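A.B. asks: Supplied in structure tokens, the structure appears directly below.
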Amino acid sequence: MEEICKNCKHLNEDDLNKWNEAYCTFERMYKPINDTCPYFASKYNCYLTTAMCHILGYSDDCYILEALRGFRRWYLNGNPDYEYLLDEYNIIGPIISKKLISDPDSYDVANMMKNDFITPAISFMMEERYEEATHTYIDMTNMLKDKYDVCEYRKKTLIKSLNLSIKSRQ
């Protein structure tokens, strides 16, 4: 992905001047959207947001993303069994997000994420089946790690997931 203003989180593409330049919130000035950005900060760090907002066109405060953020905040955060998931997400999220946004089939992949994983996970949350929601998320993440060859983290997550399954059966 090119480090140009158009791909930077500091650019507000909704605020255009008469020369079709967008406002940069970092430099506090209007800039051509295809300029190289010296203060580049990718807006594609979260693959859930990338899929839902940047590819499928949902707003950042849509029900789906708010439900997932709430689940992370009140169920996963502070749960020692799932610390590794949040740590992993911080590492692989930007990697998967950049690969997803560059994928020629990104729309199909994002739709599949939504239909096959995100919507079922939210349904599980609504039914208070939190473990199933978590494992649906893990399955989606593992699928994306495999698809985009983010293998070094795949093995660690699989081992943690297996250990959790064994612990829950004891």
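A.B. asks: Taking K114 as the anchor, which aspartates and glutamates have their alpha carbon closer than 17 Å to its alpha carbon, excluding any fewer than eight residues away along the same chain?
C.D. replies: Within the straight-line limit of under 17 Å, K114 reaches these aspartates and glutamates: D60, D61, E66, D103, D105, E132, D139.
A.B. asks: Below 12 Å, Cα to Cα, which aspartates and glutamates can K31 reach? Residues fewer than 8 away in the same chain don't count.
C.D. replies: E13, D15, E21
All of the numbers you see were taken from the coordinates with simple rules; none came from a lab. Worth saying up front: this structure is predicted, and the values here are computed from it rather than measured.
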